[in-house]
Amino acid sequence: MIKQNYKTPSFWSVIRAGDTIRLKRKFSHAVFIIFRTVFFIGMAYVLLYPMLVMLSRAIRPASDMLNSSIVWIPSHISTLAFKTAWEYMDFGKTALSTGYLVIGSTLFSVISCSFAGYSLGRYRLKITAPCVVVAVLSLIAPLQTYIIPRFVQMKNFDFFGIGTLLGVFNGGTPITYNILNTPWAYFLPAITGAGLQSGLFVLVFSQVFRKLPKELEDAARIDGCGEFHTFIRIMVPNAGSGFLAVSLLSLVWYWNDYFYAEMMYRSVQLLSSKLVSLRATVHQNSISKLIGHNDGLTESVIIFAGALLFVIPPLLIYLFLQKYFIQGIERSGIVG
């Protein structure tokens, strides 16, 4: 037998080994903190830089645009660009008409997508998986790929073919309605779950409702609630953060939309359309004469002011509701 001599580690060697482990942990923790700080500072710079540039340019007089020594802080603050942008965008009236469409479309979209998401999240049917695939595919296909069929549909709208059936008794001519340039061009797709980014909202709702405990439904059924009352009285209050998150996302998408508005609602220009046409409006009305400097510089100052006015409403909504918005996104599991 070969005897193996096991040497008991000394007290000081154990202490030194423990110090080494603690030093490694402190070093790795310090490296992580430094990396995290640098990362978030870089992200903040990337996200806030455009806003800071717009603010710096919008509050300065046109004369400061020619001064190379002025980079961020203007020589004095001028609100003339904001007043001019407000006037030529007709901001008050246009914001009301835009808000009417945005809030109405968001309301209808949230209602229809919540029903669809609840069905996909709580019921295990054979059609569930194909419906989820369709919702995902609707996110992949951009709006430009099906805007022409949507345009034709809205121009010759026939609800479930009823107009075609009535046309049989009217000499064979289908009875259709042109709902272009009316709010229904926005509201009807939202009601049927085909609004802007509705596929994403359905997926968010399905994840939110799927994570709610099944005992809530069982308790509601024991108390005599049917499917509809269970959804309204039990599920909706417990999924409030998800509803808020979807509402904010829908508001932002409808507020920022330009392409769909130009195709379907050209009779009344929305804020997005007003902002895009602001440069041409400034040039046509010779706004630069009010300031007395180069036209291009003056136009850029006014456009920056108009962009800030356009961004402020959704930005304020998000700042006040960001806590609940983040909770809704976390509970949906989309970012997990």
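Peptide packing: for 313-320, 302-309, 267-274, the average count of neighbouring Cβ atoms within 10 Å per residue gives the ranking 302-309, 267-274, 313-320, highest mean first.
Could you pull out the pairs from LYS83/LYS155; LYS126/LYS214; LYS155/LYS274; LYS93/LYS323; LYS26/LYS211; LYS24/LYS211 whose alpha carbons sit more than 29 Å apart here? LYS83/LYS155; LYS93/LYS323; LYS26/LYS211; LYS24/LYS211, as the Cα separations exceed 29 Å there. Taking a Cβ cut-off of under 14 Å around ALA261, the surrounding Lys, Arg, Asp and Glu residues balance to a net charge of +1, with basic ones at +1 and acidic ones at -1.
Computed packing ranks the peptides 201-213, 220-232 as 201-213, 220-232, most packed first, by mean other Cβ atoms within 10 Å.
Since every read-out is calculated from the coordinates, none of them should be taken as a lab result. Since this is a predicted model, take the numbers as computed values, not measurements. Every residue, glycine as well, gets a Cβ built from its backbone with ideal geometry; the counts of neighbours run over all protein chains shown.
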